[in-house]
1. If you scan region 132-146, which residues turn out to be over 11 Å from Met98 (Cβ atoms) and among the hydrophobic types (A, V, I, L, M, F, W, C)?
2. Out of all the residues in region 70-83, is one or more under 14 Å from the mean Cα position of the chain (by Cα) and outside any strand (DSSP E or B)?
3. Can you name the number of the only condition in (1) part of a loop (DSSP other than H, G, I, E, B); (2) modelled with pLDDT of 95 or more that Thr103 fails?
4. Out of the residues in region 119-170 that are of a type in the set (Asp, Glu) and not in a loop (DSSP other than H, G, I, E, B), state the one that is surrounded by the fewest Cβ atoms within 10 Å (Cβ to Cβ).
5. Suppose we filter region 85-138 for residues that are without any contact (Cβ under 8 Å) to a residue 40 or more places away in the chain and on the phi > 0 side of the Ramachandran plot; how many remain?
Amino acid sequence: MNGDVRGPFASRPAGLIGVTPAYGEDHVSNTTTMTRLPGLLLVLALAAASACGGDSAGPPEINYGRDTCDGCDMVIDDPRFASAYRLPDGTESRFDDMGEMFTRDELGDADAWVHDYDTEGWVEATSAWYVAGTGVESPMATGVVAFSTESRARAFASESGGTVLTWDEMLTGGAPGSSDPEHPGAADHGTSTSPGSGRAD
């Protein structure tokens, strides 16, 4: 026979002419799907892990007017004083007065957040500047407020007669009236250290 092979066998390799496949197009389609399935599952798993990571990276959610404080069981309703932390095992605690949060021994091992007194926005607790002894009527009367910037904290301390403190000083009890020998100058809001360091300003 001269010329190209035509007809129903034209698209088959020469060695397979006359051989009837044991399966049809449905089998090929199913095989392709099964081959791709592990990859699809991996993508979905990574997406789920990413979503979970995003939820746990930020501060715990507080439903104001509904959630209660883990320190005093009172309803949390004023963002200016609210705070929260998350432990490495995922345990979350919320407080209506950030002064209460600093009484927890486990706080040093946690990721913690406080609210800026002016903007009511969340601030990482380790980088916030605190003003204690302000006379501000906080929910549990600790009078502790926080700011995202040192300048604003100092201005507020000057206005209220409070004391500027860093995260480290709050953790070690360096608030006014503290007997902590490592922070004898804590009662003087003109002197403080930068958050997370021992360097004096």
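The values are calculated or read from the model by the stated rules, or taken from the named source; none is laboratory data. Remember, predicted model here, so these are calculated numbers, not experimental data. Cβ placement follows ideal geometry from the backbone for every residue including glycine, while neighbour counts extend to all protein chains displayed.
1. Val136, Ala141
2. No, region 70-83 contains no residue that is under 14 Å from the mean Cα position of the chain (by Cα) and outside any strand (DSSP E or B).
3. (2)
4. Glu159
5. So the answer is 2.
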